[in-house]
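Input: a single structure, listed below in C-alpha cells.
The values are calculated or read from the model by the stated rules, or taken from the named source; none is laboratory data. Keep in mind that this is a model prediction, so the values were computed, not measured. Glycine also receives a Cβ, built like all others from the backbone with ideal geometry; neighbour counts cover every protein chain displayed. Only protein heavy atoms, including side chains, enter the accessible area calculation; ligands, DNA and RNA are left aside. Shrake-Rupley method; radii C 1.70, N 1.55, O 1.52, S 1.80 Å.
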Amino acid sequence: MKTFKDFKSFNEYVGLPKPLDSDIDIGYYDAQKIRLQSEPVMVDFYRISIKSNFIDKTAPNYNPDNPKPITALFFNSPERANGWNVEPTFNVMYLKLSKKLIEENRFLFKNYLDYGENEALYLTEKEEQEIRTIFDLMLKYYDSEKTHFGILLSYVNVLISLVEAFYNRQFSTNPKQYNRIVTDFQQHLKDYYNQPVNQLPTVQYFADKSGLTPNYLGDIVKLFTQKSAIETIHDFVILKAKTLLEENNTMNNAEIAYELGFEYPNYFAKFFKKHLNLTPKEYRNKFQSSQTNVENEKAL
C-alpha cells in the first residue's frame, strides 16, 4: 500500500496544487482535474475535508439507482488507509496538518483529528456556511512566508471548536443511533470476561469490535454516560475484582490478577487501592468481617 510522507507527493497523486508550506496546506479541489478513483492509500499527516454535493460509490449505503449527495466533514489520519471512487459533482475544501504542527500545538486540537472516514460529521446548511466563512479566512492568511501564521493557526483552532459543537449536535439529535453504540460497548464489556483473557480490556479492543476508532467511541460514551470509556472499563474491572474477592476465598491476589488480565499482581494491587483506597487483602477482610457481623446479628 502506498504511503505519502508529505503534502507535495500526495497533492501530485490526487491532482491538487503544490502546497505553500510543509506543515499546513489549504485549498479547494477541482473536481474536473483530480483523481476520482484510488485504491486505499495512507498519509503521514492529518487531513480534514469538507465535501458538498458529495457522492461516494464506496460508501456502505451507496445506492446506484438513487445516489444521495451529502455535505459532510471527513478526517484522515496517519496509519489509516483511505480509498475512494467518487462522482465529479462535488465541491471540497481541504486542510492538511503535519504531525509536527499537531505535536507543537497539541492544546489547540481535539480527538476528532483521529476519527475515521466512516465517522463523518454531517453538516446542516447553516453549519456548512459557518465553516466556509472560517475556511475563507484561513485562505486569506495562508501564504508561503508564514507572515500571518499565528492568525492562521487561531482560525484552525476556531474550525476545530466548531467541529466539536457540531458533533455534539449530531450525537444529540439522533440519540437512538448513538445510544446503541453505548449499549453495544457495555455488552461487549460484559462479554469480555466470558472468555479466557491474557490482558486487561482496552478502548481499542472495543472500538475494533464496533468498527469504530477509539476516540470516536470514547467521545460518544462520554457524552451519553458522563464517564470516559476507560473510566467505564476500569469501573467494570474493579467490580469483577470485588466479586472474585468476595466469592472466591481460595483465590489469592496473584490468581485474581491473572484472571482479570493483569500481567503483574503488584499492578493489580496498586490499581485496586487507587480506586477503593484499600488493598485487595484489606477489602476481602473487611467484606468477610461485615458478613460475620450480619450472620451474628441473625443468630441473636
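When the residues of region 184-205 are filtered to those that are among the hydroxyl-bearing types (Ser, Thr, Tyr) and within 17 Å of the chain's Cα centre (by Cα), which remaining residue is farthest from residue 71 (Cα to Cα)?
Per the stated criteria, the residue is 202.
Across region 15-28, what is the total count of residues that are touching a residue at least 24 places away in the same chain (Cβ under 8 Å) and either farther than 20 Å from residue 152 by Cβ or of a type in the set (A, V, I, L, M, F, W, C) (or both)?
The first filter runs over region 15-28 and keeps only residues touching a residue at least 24 places away in the same chain (Cβ under 8 Å), leaving 16, 19-28.
Filter once more, keeping what is either farther than 20 Å from residue 152 by Cβ or of a type in the set (A, V, I, L, M, F, W, C) (or both): 16, 20, 24, 26.
Adding up the residues that qualify gives 4.
Name the residues in region 92-108 that are among the charged types (D, E, K, R) and either more than 25 Å from residue 15 (Cα to Cα) or touching a Phe, Trp or Tyr at 6+ places or on another chain (Cβ under 8 Å) (or both), would you? Lay out the reasoning, then the answer.
Going through region 92-108, the residues among the charged types (D, E, K, R) turn out to be 96, 99-100, 103-104, 106.
Hits for region 92-108 are 96, 99, 103, 104, 106.
Between 60, 78, 67, which is more than 24 Å from the chain's Cα centre (by Cα) and either closer than 14 Å to residue 117 by Cβ or at pLDDT below 90 (or both)?
67
Considering region 5-28 alone, what residues qualify as being assigned to a loop (DSSP other than H, G, I, E, B), open to solvent by less than 60 Å² (accessible area, probe 1.4 Å) and closer than 19 Å to residue 77 by Cα?
16, 19, 21, 23
Of everything in region 206-234 that's open to solvent by less than 10 Å² (accessible area, probe 1.4 Å) and of a type in the set (A, V, I, L, M), which residue is farthest from the chain's Cα centre (by Cα)?
Out of the qualifying residues, it is 233.
Could you say whether any residue in region 138-156 is surrounded by 14 or more Cβ atoms within 10 Å (Cβ to Cβ), of a type in the set (S, T, N, Q) and farther than 27 Å from residue 42 by Cβ?
Yes - at least one qualifying residue is present in region 138-156.
Kindly indicate the residue of region 32-77 that is crowded, with 16+ Cβ neighbours inside 10 Å and aromatic (Phe, Trp, Tyr) and also farthest from residue 4 (Cα to Cα) among those meeting that condition.
Across region 32-77, the extreme among qualifying residues is 54.
Could you tell me whether residue 130 is under 26 Å from residue 42 (Cα atoms) and open to solvent by 50 Å² or more (accessible area, probe 1.4 Å)?
No: the conditions fail for residue 130.
Name every residue in region 150-192 that is farther than 25 Å from residue 133 by Cα and among the hydrophobic types (A, V, I, L, M, F, W, C), in order of residue number.
181, 182, 185, 189, listed by residue number.
So residue 160 passes all but one of these: (1) modelled with pLDDT under 95; (2) loosely packed, with under 15 Cβ neighbours inside 10 Å; (3) of a type in the set (Val, Ile, Thr). Which condition number does it fail?
Result: residue 160 passes all but (2).
Being open to solvent by 80 Å² or more (accessible area, probe 1.4 Å) and within 19 Å of residue 201 (Cα to Cα) is the filter here, so list the residues in region 235-272 that pass it.
Correct list: 239, 255, 258, 259, 263, 264, 266, 267, 270.
Among the residues of region 273-291, which ones are closer than 15 Å to residue 234 by Cα and open to solvent by 80 Å² or more (accessible area, probe 1.4 Å)?
273, 274, 277, listed by residue number.
Filter region 157-197 down to the residues that are outside any helix (DSSP H, G or I) and either in contact with a Pro (Cβ under 9 Å, 6 or more places away or on another chain) or more than 30 Å from residue 260 (Cα to Cα) (or both) and list them by number.
First, the residues of region 157-197 that are outside any helix (DSSP H, G or I): 174, 193-197.
Within region 157-197, 174, 193 qualify.
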